[in-house]
Structures are given as C-alpha cells and as structure tokens.
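Below is one structure; the comments refer to it alone.
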Amino acid sequence: MAQSDLKELLNTLIPFAQQMLAKQGDYYPFATSIGLDGEIAHIASFDGNEQPSYPHVIEQLTRIIQNKISQGEIKAAGICYDIRTIPPGQKKKSNAIFIGLEHRSGDALEVCLPYKKGFLGKISYGKVFAGIRDRQFFV
C-alpha cells in the first residue's frame, strides 16, 4: 500500500514539474498529499502573487504537511523543488527535479530527475535516481 501511494504521488509531482519547466522554464516548490480517503490534494503555501524565497516556500510546505499529519488528515505526502546535484556516474552538477516522498508506514524516499535546458528552451531529461530520505514530515 505504501509503495503504491508513493508511486501515485511521484506520478503526480514529476509531470507537473515537467509541465512547468516546459511552459515557464522554472517552477516554485510545490507539494501534494494523499488523504486517508485516498484522494490526492495539492498543497500551496503562497498565492502566486508573492515572490518568496525557495527555502521559505519549502519550509512553509513542510509545516503545512506536518500540520495535516498532526490533524490526522493524510497518510502520505510529497514535496517537489529544483536542485543542483551530481547524478550517479557524472562529475558535473546538473539541475534536477527533486521529489521528497514520505508515508506514514515509515517509507521515505528521495527521487531526482536530472535535466538540461537546451536550444530554444527545449528540456532533455537524464535518468531518474533515488535514495532513502531522512523523514521530515512524519517525525
């Protein structure tokens, strides 16, 4: 059950990040959750008229998720933002879509999808890589 919930979150977060990159060339951090009823909900921390810093948005989203957990509203959550990282087998840093996924069962993963912006804003993607995440939501 946990793996299917995390996969569902991943399959919601990555396409939206890719859509934003294709349309705008960038995106602000965003999050989604799965309620106890199995419904996916998008989580926003600002209305789009502001220009908060990335760290501030990530902190706000984390607090919102933690609050929903403490109120017993959700069983899984994922956060998505842009990072620079060195993909496995590479030597140079690359931009990457970062996804932090957590489930109330204890499963917690980090997933990265490297990308490069090319000619005329065309985006090419590398290979997805993942690892264990230190829990930040379900603490």
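What's the total number of residues in the stretch 110-139 that are at positive phi and polar (S, T, N, Q)?
Initial filter on the stretch 110-139 (at positive phi): 120-121.
The next check asks that each one be polar (S, T, N, Q); those that pass are none.
Residues meeting the conditions: 0.
Could you tell me how many of the residues in the stretch 101-139 are farther than 20 Å from Q66 by Cβ, in a strand (DSSP E or B) and in contact (Cβ under 8 Å) with a residue 12 or more places away in the chain?
Filtering the stretch 101-139 for residues farther than 20 Å from Q66 by Cβ gives 111-131.
Retained after the next criterion (residues that are in a strand (DSSP E or B)): 111-117, 123-125, 129-131.
Keeping just the survivors that are in contact (Cβ under 8 Å) with a residue 12 or more places away in the chain gives 111-117, 123, 125, 129-131.
Selection size over the stretch 101-139: 12.
Take the residues of the stretch 29-79 that are of a type in the set (K, R) and in a helix (DSSP H, G or I): which is farthest from N95 (Cα to Cα)?
We begin by selecting, within the stretch 29-79, every residue of a type in the set (K, R); these are 63, 68, 75.
Cutting the leftovers down to in a helix (DSSP H, G or I) gives us 63, 68.
Working: R63: 25, K68: 30 Å.
Top of the filtered list is K68.
Restricting attention to the stretch 1-28, which residues are among the acidic types (D, E) and either in contact (Cβ under 8 Å) with a residue 60 or more places away in the chain or not in a loop (DSSP other than H, G, I, E, B) (or both)? Working first, answer last.
So in the stretch 1-28, the residues among the acidic types (D, E) come out as 5, 8, 26.
Answer for the stretch 1-28, where residues must be among the acidic types (D, E) and either in contact (Cβ under 8 Å) with a residue 60 or more places away in the chain or not in a loop (DSSP other than H, G, I, E, B) (or both): D5, E8.
Please state which of the following conditions E39 fails to meet, knowing it meets all the rest: (1) surrounded by fewer than 20 Cβ atoms within 10 Å (Cβ to Cβ); (2) in contact (Cβ under 8 Å) with a residue 40 or more places away in the chain; (3) farther than 30 Å from F119 by Cβ; (4) charged (D, E, K, R).
(2)
I'd like to check something: does the stretch 80-100 contain any residue that is outside any loop (DSSP other than H, G, I, E, B), among the basic types (K, R), more than 29 Å from G126 (Cβ to Cβ) and at pLDDT 95 or above? Break it down into steps so the answer makes sense when it comes.
Let us first name the residues in the stretch 80-100 that are outside any loop (DSSP other than H, G, I, E, B), namely 80-85, 94-100.
Filter once more, so that each one left must be among the basic types (K, R): 84.
Then drop every residue that is not more than 29 Å from G126 (Cβ to Cβ), which leaves none.
Looking for residues that are outside any loop (DSSP other than H, G, I, E, B), among the basic types (K, R), more than 29 Å from G126 (Cβ to Cβ) and at pLDDT 95 or above, one finds none in the stretch 80-100, hence no.
Of everything in the stretch 53-63, what is touching a residue at least 24 places away in the same chain (Cβ under 8 Å) and either in contact with a Gly (Cβ under 8 Å, 6 or more places away or on another chain) or surrounded by fewer than 18 Cβ atoms within 10 Å (Cβ to Cβ) (or both)? Give them in sequence order. I'd like the intermediate steps shown before the answer.
As a first pass, look at the stretch 53-63 and keep what is touching a residue at least 24 places away in the same chain (Cβ under 8 Å): 54, 57-58, 61-62.
Correct list: Y54 only.
The values are calculated or read from the model by the stated rules, or taken from the named source; none is laboratory data. Keep in mind that what you see is a predicted model, and the values were worked out from it rather than measured. Methodologically, a virtual Cβ is constructed for each residue, glycine included, from the backbone with ideal geometry; neighbour enumeration extends over all protein chains shown.
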